[in-house]
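Engineer: Got a structure for you, questions after.
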Amino acid sequence: MWASDFDIFCKFGLQRMNLTVYQKKGKSTGQDYYTPEELSPELKTNRAGVCIRGGRVKEDLTQKQLAEQIGIAQHHISEMENGKRTVGKEMAKKLAEVLNVDYRVFL
């Protein structure tokens, strides 16, 4: 189950990467679904990027559209999504405002 904004963004990010959320087989152990981290190793090294990508998909925005709305160059969005640029607190707040989530999902 997806319980938080972060989990929802990860879900959209994983779907964008053509991954599916799979239910675990066997006995119920309290966690019947794989976690996003179990499905995508990228989440361990680039959580913010997956969340940005997921937020864009959720809001049906291109990188260029998102960049224009927050006032930065499109290549900066690409760099953040690919883990080549960090997301600072002020940038996280701008992203959060456009993507309609709490800014802490990007930190």
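Engineer: If R0 is 35 Å, what FRET efficiency do you get for Tyr34 and Thr62 from their C-beta distance, rounded to 0.05?
Structural biologist: After rounding to 0.05, the efficiency reads 0.75.
Engineer: Which residues' amide hydrogens lie under 5 Å from the amide hydrogen of Tyr33, considering only partners 5 or more residues apart or on another chain, with H built in the peptide plane?
Structural biologist: Residues meeting the criterion, in which the H sits 1.01 Å from N, are Lys24.
Engineer: Extending each Cα 7 Å along its Cβ direction at Asn100 and Gln74, get the distance between those two points in nm, one decimal.
Structural biologist: 2.4
Engineer: Quick one: Glu97, Glu59, fewest Cβ neighbours within 10 Å first, how do they rank?
Structural biologist: If I rank by nearby Cβ atoms, fewest first, I get Glu97, Glu59.
Taken together, the values in this text are just the output of simple stated rules run on the coordinates, not laboratory data. As the structure is a prediction and not an experimental result, all values here were calculated from the model. Here the Cβ is made from the backbone with ideal geometry for all residues, glycine too, and neighbour counts use every protein chain on show.
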